[in-house]
Amino acid sequence: MTILAATKWPTNGHLIADVASLKYLNGRVLDCTYGLGVFWNQWCPSEFVCADKNPSKVQVGGVVADFTNLPFRDESFDSVVFDAPYKLNGTPTDDVDGRYGVDVPTRWQDRMQLMCDGLIECIRVSRKYILVKCMDQVVSGKKVWQTYQMQMMAWSYYATLED
């Protein structure tokens, strides 16, 4: 299922609170890209684990971890929230990009691969649901349909598990 979050919610925190009402965030929840934790300022699950690669952003009880190599057993969470580094920028801007971990110039193809690697790891540690935040981008004058690519990656991965 895809939730288009283009206009309804004033913040990601409000979006998460509404998603929680749909029961996709019941049970043990991991936010593997915690950052500043703004997703959880309106609502937070009772069984919550946060992880971030940057130790200064991990709250007490959280885990310092790279989302492409999580230190958890397979299917150890009911839901995983993944705010992938989806901005396919060439030259970063100082005022915003550092907060989101996209402040190092990177080829868009490498950024897309990083997102896919993270998604596969989220699938591995999730029992039920994975909530992925991403958006489509324009790169070198061409539209990159990241939302579609992330869905196809997940479906392809699940198809290989069933074979």
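Per-structure values
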| item | result |
| --- | --- |
| Relative packing of peptides 142-154, 76-88, 119-131, 41-53 - highest average C-beta neighbours within 10 Å first | 76-88, 119-131, 41-53, 142-154 |
| Asp136-Asp110 FRET efficiency (beta carbon distance; Förster radius 22 Å; 0.05 resolution) | 0.75 |
| Amide proton proximity set for Glu47, modelled H, under 5 Å, gap of 5+ | Val29 |
| Zone residues, segment 113-127, relative to Leu161, backbone N less than 17 Å from point 7 Å out along Cα-to-Cβ | 116-127 |
| Additional length obtainable on full extension of the chain from Glu75 to Gln59, 0.36 nm per residue less Cα span | 3.5 nm |
| Per-selection Kirkwood Rh - the chain (Cα, Å, 1 d.p.) | 16.4 Å |
| Relative contact order [Cα under 8 Å, 6+ residues apart], the chain, whole percent | 19 percent |
| Separation of the Gln151 and Ser21 label points, Cα + 7 Å toward Cβ, nm | 2.4 nm |
| Within-13-Å neighbourhood charge of Asn26 [Cβ basis; K, R +1; D, E -1] | +2 |
| Whichever lysines have a C-alpha closer than 26 Å to that of Lys8, once near sequence neighbours (fewer than 8 apart) are set aside | Lys23, Lys87, Lys128, Lys133, Lys143 |
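The numbers here are math on the coordinates, done by the rules we state, and not lab data. None of these values were measured; they are calculated from a predicted model. Heads up, the Cβs are rebuilt from the backbone with ideal geometry, glycines too, and the neighbour counts pull from every protein chain shown.
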